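For reference, the structure discussed in these notes is given below.
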Amino acid sequence: MSFVPKDMNRREFMKASAATGAALMSGNVSLNFAQGLCEFTREKGVNTMEGQDRNNEQSGVRDKVIDIHLHIGGKGNSSPCKMSRKFLHSASYLYMVVRSGISLKELSRDHDTVLRKTMIERLNNASGIDFGVFLAFDSVYKENGEIDEKNSHMVTPNNYVMDIARDNPKVLFGASVHPNRGFTKGIEELDRCIEGGAVLIKWIPNSQIIDPSDRNYKWFYRKLADENLPLLCHTGPEHGIPVIKTEYQELGDPRKLRLALDTGVKVIAAHCATSLFSWEKSYLGELSEMFNERERRGWNLYADISAMCILFRVPIIDALLKKIPHDRMVLGSDYPIPVDRMPPEFIETLTFHEYSEIAKIDNPIEKNYRQLLAMNFPKEAMTKAASILRIPEEKKAAGDSAREGLEVQGNR
(Lines give C-alpha, C1' and ligand atoms only; values in the text may rest on other atoms or scores of the structure.)
Protein backbone atom coordinates (compact mmCIF):
# COMPACT_ATOMS: atom_id res chain seq x y z
CA MET A 1 0.00 0.00 0.00
CA SER A 2 1.50 3.34 -1.06
CA PHE A 3 1.18 6.57 0.97
CA VAL A 4 2.42 8.76 -1.89
CA PRO A 5 -0.17 10.86 -3.78
CA LYS A 6 -0.99 9.36 -7.16
CA ASP A 7 0.38 12.33 -9.07
CA MET A 8 3.79 12.14 -7.31
CA ASN A 9 6.55 9.57 -7.57
CA ARG A 10 8.62 8.50 -4.56
CA ARG A 11 11.48 10.92 -5.25
CA GLU A 12 9.08 13.87 -5.64
CA PHE A 13 7.38 12.92 -2.39
CA MET A 14 10.69 12.91 -0.53
CA LYS A 15 11.68 16.28 -1.97
CA ALA A 16 8.34 17.81 -1.05
CA SER A 17 8.62 16.46 2.50
CA ALA A 18 12.09 17.87 2.93
CA ALA A 19 11.01 21.24 1.54
CA THR A 20 8.84 21.85 4.58
CA GLY A 21 11.84 21.65 6.90
CA ALA A 22 13.91 23.77 4.53
CA ALA A 23 11.32 26.53 4.68
CA LEU A 24 11.38 26.51 8.46
CA MET A 25 15.18 26.52 8.61
CA SER A 26 15.41 29.40 6.16
CA GLY A 27 13.05 31.52 8.26
CA ASN A 28 10.62 32.07 5.38
CA VAL A 29 7.58 31.06 7.39
CA SER A 30 6.04 32.57 10.49
CA LEU A 31 6.40 31.09 13.95
CA ASN A 32 2.64 30.56 14.20
CA PHE A 33 2.60 28.63 10.95
CA ALA A 34 5.57 26.55 12.09
CA GLN A 35 3.88 25.69 15.37
CA GLY A 36 0.69 24.74 13.58
CA LEU A 37 2.53 22.58 11.10
CA CYS A 38 4.41 20.76 13.83
CA GLU A 39 1.16 20.06 15.68
CA PHE A 40 -0.26 18.66 12.46
CA THR A 41 2.70 16.35 11.87
CA ARG A 42 2.88 15.04 15.44
CA GLU A 43 0.48 12.34 16.52
CA LYS A 44 -1.33 13.11 19.77
CA GLY A 45 -0.64 10.67 22.57
CA VAL A 46 2.16 8.26 23.34
CA ASN A 47 2.58 4.66 22.23
CA THR A 48 5.03 2.66 24.29
CA MET A 49 5.39 -0.14 21.69
CA GLU A 50 4.92 -2.69 24.45
CA GLY A 51 4.46 -5.45 21.91
CA GLN A 52 7.93 -4.84 20.50
CA ASP A 53 9.93 -4.39 23.72
CA ARG A 54 13.43 -5.81 23.68
CA ASN A 55 14.31 -8.81 25.81
CA ASN A 56 14.83 -7.32 29.27
CA GLU A 57 16.79 -10.29 30.53
CA GLN A 58 20.10 -8.64 29.78
CA SER A 59 23.42 -9.83 31.09
CA GLY A 60 26.29 -7.35 31.39
CA VAL A 61 26.77 -3.85 30.07
CA ARG A 62 27.42 -5.05 26.51
CA ASP A 63 23.69 -5.58 26.05
CA LYS A 64 22.76 -2.02 26.98
CA VAL A 65 21.17 0.27 24.41
CA ILE A 66 22.92 3.65 24.65
CA ASP A 67 22.15 6.91 22.84
CA ILE A 68 25.55 8.61 22.82
CA HIS A 69 24.47 11.96 21.36
CA LEU A 70 22.14 14.10 23.48
CA HIS A 71 22.75 17.85 23.82
CA ILE A 72 21.98 19.77 27.01
CA GLY A 73 22.48 23.47 27.57
CA GLY A 74 20.96 26.73 28.66
CA LYS A 75 21.15 30.47 28.25
CA GLY A 76 22.23 31.12 31.83
CA ASN A 77 19.00 32.19 33.54
CA SER A 78 19.07 29.28 36.02
CA SER A 79 22.23 27.39 35.11
CA PRO A 80 25.93 28.12 34.52
CA CYS A 81 25.42 27.52 30.80
CA LYS A 82 25.65 30.11 28.03
CA MET A 83 23.97 30.67 24.68
CA SER A 84 24.94 33.75 22.72
CA ARG A 85 22.42 36.18 21.31
CA LYS A 86 23.48 35.10 17.83
CA PHE A 87 22.70 31.47 18.63
CA LEU A 88 19.38 32.21 20.36
CA HIS A 89 18.22 34.26 17.36
CA SER A 90 19.37 31.76 14.75
CA ALA A 91 16.93 29.92 12.48
CA SER A 92 18.31 26.57 13.64
CA TYR A 93 17.64 27.31 17.32
CA LEU A 94 14.14 28.60 16.59
CA TYR A 95 13.41 25.48 14.56
CA MET A 96 14.62 23.24 17.40
CA VAL A 97 12.45 25.08 19.93
CA VAL A 98 9.33 24.93 17.77
CA ARG A 99 9.80 21.23 17.02
CA SER A 100 10.75 20.27 20.58
CA GLY A 101 7.16 20.18 21.79
CA ILE A 102 8.13 22.28 24.81
CA SER A 103 5.73 25.07 25.67
CA LEU A 104 7.12 28.43 24.58
CA LYS A 105 5.43 29.98 27.59
CA GLU A 106 7.29 27.62 29.94
CA LEU A 107 10.58 28.23 28.16
CA SER A 108 10.18 31.97 28.48
CA ARG A 109 9.50 31.60 32.21
CA ASP A 110 12.54 29.43 33.05
CA HIS A 111 14.36 28.32 29.93
CA ASP A 112 17.18 26.30 31.50
CA THR A 113 15.14 24.44 34.11
CA VAL A 114 12.44 23.49 31.60
CA LEU A 115 15.01 22.28 29.07
CA ARG A 116 16.85 20.22 31.70
CA LYS A 117 13.65 18.64 33.05
CA THR A 118 12.41 17.85 29.55
CA MET A 119 15.68 16.17 28.55
CA ILE A 120 15.79 14.03 31.69
CA GLU A 121 12.11 13.07 31.51
CA ARG A 122 12.30 12.09 27.87
CA LEU A 123 15.36 9.95 28.41
CA ASN A 124 13.81 8.28 31.46
CA ASN A 125 10.58 7.62 29.53
CA ALA A 126 12.37 6.16 26.49
CA SER A 127 11.61 2.51 27.29
CA GLY A 128 14.01 1.11 24.71
CA ILE A 129 17.04 3.11 25.90
CA ASP A 130 19.16 2.02 28.86
CA PHE A 131 21.46 5.05 28.97
CA GLY A 132 21.83 8.41 27.27
CA VAL A 133 25.01 10.49 27.07
CA PHE A 134 24.38 14.16 27.90
CA LEU A 135 27.08 16.24 26.25
CA ALA A 136 28.98 19.13 27.76
CA PHE A 137 30.35 21.77 25.40
CA ASP A 138 33.54 23.66 26.20
CA SER A 139 34.26 27.31 25.45
CA VAL A 140 36.36 28.30 22.48
CA TYR A 141 39.98 28.82 23.55
CA LYS A 142 42.58 30.87 21.75
CA GLU A 143 46.01 29.42 20.94
CA ASN A 144 47.47 31.24 23.97
CA GLY A 145 45.10 29.38 26.30
CA GLU A 146 42.68 32.27 26.93
CA ILE A 147 38.92 31.83 26.63
CA ASP A 148 37.50 33.38 23.47
CA GLU A 149 34.23 34.71 24.90
CA LYS A 150 33.19 36.46 21.69
CA ASN A 151 33.25 33.27 19.63
CA SER A 152 31.88 30.94 22.32
CA HIS A 153 28.26 30.81 21.16
CA MET A 154 27.27 27.89 23.37
CA VAL A 155 28.90 26.73 26.59
CA THR A 156 27.71 23.81 28.71
CA PRO A 157 30.20 23.38 31.58
CA ASN A 158 31.47 19.94 32.50
CA ASN A 159 30.36 20.44 36.12
CA TYR A 160 26.78 21.03 35.01
CA VAL A 161 26.53 17.74 33.09
CA MET A 162 28.56 15.89 35.72
CA ASP A 163 26.02 16.85 38.38
CA ILE A 164 23.05 15.85 36.20
CA ALA A 165 24.64 12.46 35.51
CA ARG A 166 25.38 11.91 39.18
CA ASP A 167 21.75 12.50 40.13
CA ASN A 168 20.09 10.57 37.28
CA PRO A 169 20.83 6.84 36.79
CA LYS A 170 20.19 6.77 33.02
CA VAL A 171 22.34 9.81 32.26
CA LEU A 172 26.00 9.33 31.33
CA PHE A 173 28.47 12.21 31.40
CA GLY A 174 29.93 13.26 28.05
CA ALA A 175 32.72 15.75 28.78
CA SER A 176 34.14 18.45 26.52
CA VAL A 177 37.67 19.80 26.86
CA HIS A 178 39.19 22.21 24.34
CA PRO A 179 42.82 21.29 23.57
CA ASN A 180 43.84 24.96 23.46
CA ARG A 181 43.51 24.99 27.24
CA GLY A 182 47.11 23.78 27.00
CA PHE A 183 48.91 20.77 28.40
CA THR A 184 48.83 21.59 32.13
CA LYS A 185 45.28 22.92 32.40
CA GLY A 186 44.01 20.51 29.77
CA ILE A 187 45.34 17.44 31.57
CA GLU A 188 43.99 18.80 34.84
CA GLU A 189 40.51 19.18 33.37
CA LEU A 190 40.61 15.78 31.67
CA ASP A 191 41.62 14.11 34.94
CA ARG A 192 38.84 15.92 36.78
CA CYS A 193 36.28 14.81 34.20
CA ILE A 194 37.49 11.21 34.26
CA GLU A 195 37.24 11.24 38.05
CA GLY A 196 33.70 12.60 37.63
CA GLY A 197 32.63 9.69 35.42
CA ALA A 198 33.20 10.95 31.87
CA VAL A 199 32.43 8.27 29.27
CA LEU A 200 33.71 10.23 26.26
CA ILE A 201 35.00 13.62 25.06
CA LYS A 202 32.89 15.70 22.67
CA TRP A 203 34.08 18.20 20.05
CA ILE A 204 32.42 20.20 17.31
CA PRO A 205 35.58 21.48 15.55
CA ASN A 206 33.66 23.75 13.16
CA SER A 207 32.15 25.77 16.04
CA GLN A 208 34.87 25.35 18.66
CA ILE A 209 37.59 26.26 16.15
CA ILE A 210 39.61 23.09 16.65
CA ASP A 211 41.79 21.66 13.89
CA PRO A 212 41.98 17.95 14.82
CA SER A 213 45.03 17.51 12.56
CA ASP A 214 47.12 20.01 14.59
CA ARG A 215 50.16 18.11 15.86
CA ASN A 216 50.26 20.41 18.89
CA TYR A 217 47.32 18.35 20.17
CA LYS A 218 49.23 15.07 20.23
CA TRP A 219 49.52 15.24 24.03
CA PHE A 220 45.73 15.41 24.18
CA TYR A 221 45.32 12.33 22.01
CA ARG A 222 47.90 10.38 24.00
CA LYS A 223 45.95 11.16 27.17
CA LEU A 224 42.67 9.94 25.63
CA ALA A 225 44.33 6.78 24.35
CA ASP A 226 46.01 6.07 27.71
CA GLU A 227 42.72 6.56 29.55
CA ASN A 228 40.68 4.60 26.97
CA LEU A 229 38.39 7.63 26.62
CA PRO A 230 36.71 7.90 23.20
CA LEU A 231 36.48 11.11 21.18
CA LEU A 232 33.03 11.81 19.75
CA CYS A 233 33.84 14.36 17.06
CA HIS A 234 31.40 16.14 14.78
CA THR A 235 32.16 15.47 11.12
CA GLY A 236 30.66 17.19 8.08
CA PRO A 237 29.14 20.70 7.97
CA GLU A 238 27.68 22.17 11.18
CA HIS A 239 24.36 24.06 11.29
CA GLY A 240 23.32 24.07 14.95
CA ILE A 241 25.93 26.09 16.83
CA PRO A 242 27.19 29.12 14.87
CA VAL A 243 30.30 28.66 12.72
CA ILE A 244 31.94 32.08 12.60
CA LYS A 245 33.84 31.66 9.32
CA THR A 246 32.82 29.64 6.27
CA GLU A 247 36.29 28.09 6.03
CA TYR A 248 35.88 26.62 9.52
CA GLN A 249 33.36 24.17 8.04
CA GLU A 250 36.40 22.38 6.61
CA LEU A 251 37.36 21.46 10.17
CA GLY A 252 34.59 18.86 9.91
CA ASP A 253 36.62 16.86 7.38
CA PRO A 254 37.01 13.39 8.98
CA ARG A 255 40.48 12.99 7.43
CA LYS A 256 41.68 15.52 9.99
CA LEU A 257 41.12 12.82 12.61
CA ARG A 258 43.88 10.61 11.24
CA LEU A 259 46.35 11.97 13.82
CA ALA A 260 44.05 10.98 16.68
CA LEU A 261 43.54 7.53 15.15
CA ASP A 262 47.27 7.04 14.59
CA THR A 263 47.82 7.95 18.26
CA GLY A 264 45.48 5.14 19.35
CA VAL A 265 42.31 7.13 20.19
CA LYS A 266 38.90 5.54 19.79
CA VAL A 267 37.26 8.01 17.41
CA ILE A 268 33.52 8.18 16.76
CA ALA A 269 32.78 10.28 13.65
CA ALA A 270 29.43 11.90 14.40
CA HIS A 271 26.77 11.92 11.67
CA CYS A 272 28.92 9.67 9.44
CA ALA A 273 30.45 12.86 7.96
CA THR A 274 27.29 13.55 5.95
CA SER A 275 25.89 16.95 5.03
CA LEU A 276 22.43 18.19 5.95
CA PHE A 277 21.68 19.82 2.61
CA SER A 278 22.25 18.25 -0.81
CA TRP A 279 24.20 21.27 -2.11
CA GLU A 280 26.82 21.07 0.64
CA LYS A 281 30.07 19.17 0.76
CA SER A 282 29.57 15.69 2.20
CA TYR A 283 32.53 13.68 3.46
CA LEU A 284 30.75 10.32 3.46
CA GLY A 285 33.01 9.04 0.69
CA GLU A 286 36.14 10.17 2.51
CA LEU A 287 34.98 8.49 5.72
CA SER A 288 34.21 5.31 3.80
CA GLU A 289 37.78 5.29 2.47
CA MET A 290 39.06 5.69 6.04
CA PHE A 291 37.10 2.61 7.07
CA ASN A 292 38.76 0.75 4.22
CA GLU A 293 42.11 1.69 5.78
CA ARG A 294 41.03 0.93 9.34
CA GLU A 295 42.09 -2.68 9.70
CA ARG A 296 45.44 -2.20 7.97
CA ARG A 297 46.31 0.80 10.14
CA GLY A 298 44.86 -0.58 13.37
CA TRP A 299 42.47 2.32 13.85
CA ASN A 300 39.69 2.32 16.45
CA LEU A 301 37.25 4.12 14.14
CA TYR A 302 33.47 4.23 14.53
CA ALA A 303 30.64 6.40 13.21
CA ASP A 304 27.52 7.51 15.03
CA ILE A 305 24.20 7.52 13.20
CA SER A 306 22.76 10.55 14.97
CA ALA A 307 20.48 13.03 13.17
CA MET A 308 19.60 10.48 10.50
CA CYS A 309 15.86 10.71 11.14
CA ILE A 310 15.71 14.07 9.39
CA LEU A 311 13.90 14.53 6.09
CA PHE A 312 16.87 16.35 4.60
CA ARG A 313 18.94 13.17 4.90
CA VAL A 314 16.43 10.83 3.27
CA PRO A 315 18.30 10.78 -0.07
CA ILE A 316 21.61 9.63 1.45
CA ILE A 317 20.46 6.84 3.79
CA ASP A 318 20.86 4.04 1.23
CA ALA A 319 24.40 5.18 0.36
CA LEU A 320 25.30 5.46 4.04
CA LEU A 321 24.11 1.91 4.77
CA LYS A 322 26.32 0.66 1.94
CA LYS A 323 29.45 2.71 2.69
CA ILE A 324 29.74 2.55 6.49
CA PRO A 325 30.50 -0.89 8.00
CA HIS A 326 27.52 -1.98 10.06
CA ASP A 327 29.69 -3.30 12.87
CA ARG A 328 31.22 0.19 13.33
CA MET A 329 27.93 2.10 13.63
CA VAL A 330 26.89 3.58 16.99
CA LEU A 331 23.42 4.75 18.07
CA GLY A 332 22.82 8.47 18.57
CA SER A 333 19.90 10.87 18.15
CA ASP A 334 21.37 14.40 18.43
CA TYR A 335 18.22 15.39 20.35
CA PRO A 336 16.97 18.13 20.77
CA ILE A 337 17.69 18.31 17.05
CA PRO A 338 14.21 17.34 15.74
CA VAL A 339 13.40 13.72 14.98
CA ASP A 340 11.18 13.69 11.89
CA ARG A 341 8.63 11.05 11.04
CA MET A 342 10.31 9.35 8.12
CA PRO A 343 8.25 8.91 4.92
CA PRO A 344 6.33 5.60 4.86
CA GLU A 345 7.62 4.85 1.38
CA PHE A 346 11.13 4.97 2.83
CA ILE A 347 10.46 2.52 5.65
CA GLU A 348 9.45 -0.25 3.27
CA THR A 349 10.08 -3.10 5.71
CA LEU A 350 7.04 -2.25 7.84
CA THR A 351 3.36 -3.02 7.52
CA PHE A 352 0.87 -0.16 7.72
CA HIS A 353 0.11 -1.09 11.35
CA GLU A 354 3.79 -1.19 12.33
CA TYR A 355 4.44 2.17 10.68
CA SER A 356 1.43 3.68 12.44
CA GLU A 357 2.63 2.38 15.80
CA ILE A 358 6.02 4.09 15.40
CA ALA A 359 4.36 7.26 14.10
CA LYS A 360 2.40 7.51 17.35
CA ILE A 361 5.51 7.63 19.52
CA ASP A 362 5.75 11.16 20.92
CA ASN A 363 9.10 10.71 22.69
CA PRO A 364 11.81 11.82 20.19
CA ILE A 365 14.57 9.74 21.80
CA GLU A 366 12.51 6.55 21.63
CA LYS A 367 11.17 7.41 18.18
CA ASN A 368 14.68 7.87 16.80
CA TYR A 369 15.71 4.44 18.11
CA ARG A 370 12.64 2.66 16.73
CA GLN A 371 12.82 4.37 13.34
CA LEU A 372 16.52 3.61 12.84
CA LEU A 373 15.79 -0.08 13.34
CA ALA A 374 12.88 0.14 10.90
CA MET A 375 15.14 1.88 8.37
CA ASN A 376 17.45 -1.17 8.34
CA PHE A 377 20.17 0.27 10.54
CA PRO A 378 21.79 -2.72 12.28
CA LYS A 379 20.57 -3.90 15.65
CA GLU A 380 24.18 -4.24 16.83
CA ALA A 381 24.62 -0.46 16.40
CA MET A 382 22.10 0.10 19.19
CA THR A 383 24.33 -1.61 21.76
CA LYS A 384 27.76 -0.89 20.22
CA ALA A 385 28.49 2.03 22.57
CA ALA A 386 28.41 -0.34 25.55
CA SER A 387 31.67 -1.88 24.34
CA ILE A 388 33.28 1.48 23.47
CA LEU A 389 32.49 3.93 26.25
CA ARG A 390 34.28 4.17 29.59
CA ILE A 391 31.24 3.47 31.78
CA PRO A 392 31.74 3.74 35.56
CA GLU A 393 30.88 0.62 37.55
CA GLU A 394 28.37 2.51 39.67
CA LYS A 395 26.49 3.54 36.53
CA LYS A 396 26.19 -0.04 35.35
CA ALA A 397 24.57 -1.03 38.64
CA ALA A 398 22.37 2.08 38.67
CA GLY A 399 21.21 1.38 35.13
CA ASP A 400 20.13 -2.14 36.07
CA SER A 401 18.19 -0.81 39.05
CA ALA A 402 16.50 1.90 36.96
CA ARG A 403 15.34 -0.59 34.34
CA GLU A 404 14.05 -2.98 36.99
CA GLY A 405 12.05 -0.09 38.45
CA LEU A 406 10.52 0.73 35.07
CA GLU A 407 9.63 -2.93 34.55
CA VAL A 408 7.84 -3.04 37.92
CA GLN A 409 5.88 0.10 37.03
CA GLY A 410 4.99 -1.29 33.62
CA ASN A 411 3.66 -4.53 35.16
CA ARG A 412 1.33 -2.81 37.61
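Results, tabulated for the structure shown:
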| item | result |
| --- | --- |
| Every residue from the stretch 351-373 that is assigned to a helix (DSSP H, G or I) and surrounded by fewer than 17 Cβ atoms within 10 Å (Cβ to Cβ) | 352, 353, 354, 356 |
| Filter result for the condition that a residue is among the hydrophobic types (A, V, I, L, M, F, W, C) and either outside any helix (DSSP H, G or I) or under 19 Å from residue 174 (Cβ atoms) (or both), over 200, 251 | 200 |
| Close pairs (8 angstrom Cβ cut-off, 6 or more residues apart or separate chains): of a type in the set (S, T, N, Q) in the stretch 120-132, surrounded by 20 or more Cβ atoms within 10 Å (Cβ to Cβ) anywhere | 124/170; 125/363; 125/366; 127/366 |
| Flag for residue 314 being surrounded by 19 or more Cβ atoms within 10 Å (Cβ to Cβ), modelled with pLDDT of 85 or more, within 23 Å of residue 135 (Cα to Cα) and in contact with a helix residue (DSSP H, G or I) (Cβ under 8 Å, 6 or more places away or on another chain) | no |
| Given (1) surrounded by 17 or more Cβ atoms within 10 Å (Cβ to Cβ); (2) over 23 Å from residue 199 (Cα atoms); (3) free of Cβ contacts under 8 Å to residues at least 60 places away in the same chain, number of the condition residue 83 does not satisfy | (3) |
| Unmet requirement for residue 219, which otherwise passes all of (1) within 21 Å of residue 297 (Cα to Cα); (2) buried (at least 21 other Cβ atoms within 10 Å of the Cβ) | (2) |
| Test: residue 337 is within 26 Å of residue 124 (Cα to Cα), touching a residue at least 40 places away in the same chain (Cβ under 8 Å) and assigned to a loop (DSSP other than H, G, I, E, B) | yes |
| Matching residues in the stretch 295-306 - criterion: being touching a residue at least 24 places away in the same chain (Cβ under 8 Å) and farther than 13 Å from residue 329 by Cα | 297, 299 |
| Filter result for the condition that a residue is over 19 Å from the mean Cα position of the chain (by Cα) and either surrounded by fewer than 18 Cβ atoms within 10 Å (Cβ to Cβ) or not hydrophobic (A, V, I, L, M, F, W, C) (or both), over 132, 128, 145 | 145 |
| Scan of the stretch 233-255 for residues that are over 18 Å from residue 284 (Cβ atoms) and under 19 Å from the mean Cα position of the chain (by Cα), ordered by number | 240, 241, 242, 243 |
| Yes/no for residue 257 being under 13 Å from residue 232 (Cβ atoms) and surrounded by 21 or more Cβ atoms within 10 Å (Cβ to Cβ) | yes |
| Qualifying residue in the stretch 263-270 (condition: in contact (Cβ under 8 Å) with a residue 24 or more places away in the chain, basic (Lys, Arg) and part of a strand (DSSP E or B)) | yes |
| Selected residue (criterion: farthest from the chain's Cα centre (by Cα)) from residues of the stretch 191-204 that are surrounded by 22 or more Cβ atoms within 10 Å (Cβ to Cβ) and within 17 Å of residue 266 (Cα to Cα) | 198 |
| Among the candidates 66, 102, residue that is touching a residue at least 24 places away in the same chain (Cβ under 8 Å) and either buried (at least 19 other Cβ atoms within 10 Å of the Cβ) or at negative phi (or both) | 66 |
| Residue check, residue 177 buried (at least 20 other Cβ atoms within 10 Å of the Cβ), assigned to a helix (DSSP H, G or I) and in contact (Cβ under 8 Å) with a residue 24 or more places away in the chain | no |
| Output for the stretch 62-102, where each listed residue is among the basic types (Lys, Arg) and either in a strand (DSSP E or B) or within 30 Å of residue 329 (Cα to Cα) (or both) | 62, 64, 82, 99 |
| Qualifying positions in the stretch 323-357 - modelled with pLDDT of 95 or more and acidic (Asp, Glu) | 327, 334 |
| First in the stretch 201-215 and at positive phi, second anywhere and modelled with pLDDT of 95 or more and not aromatic (Phe, Trp, Tyr), Cβ under 7 Å, 6 or more apart | 209/140; 209/151 |
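The values are calculated or read from the model by the stated rules, or taken from the named source; none is laboratory data. All values derive from a computational prediction rather than experimental measurement. Note that each Cβ is placed from the backbone with ideal geometry, even for glycine, and that neighbours are counted across all protein chains shown.
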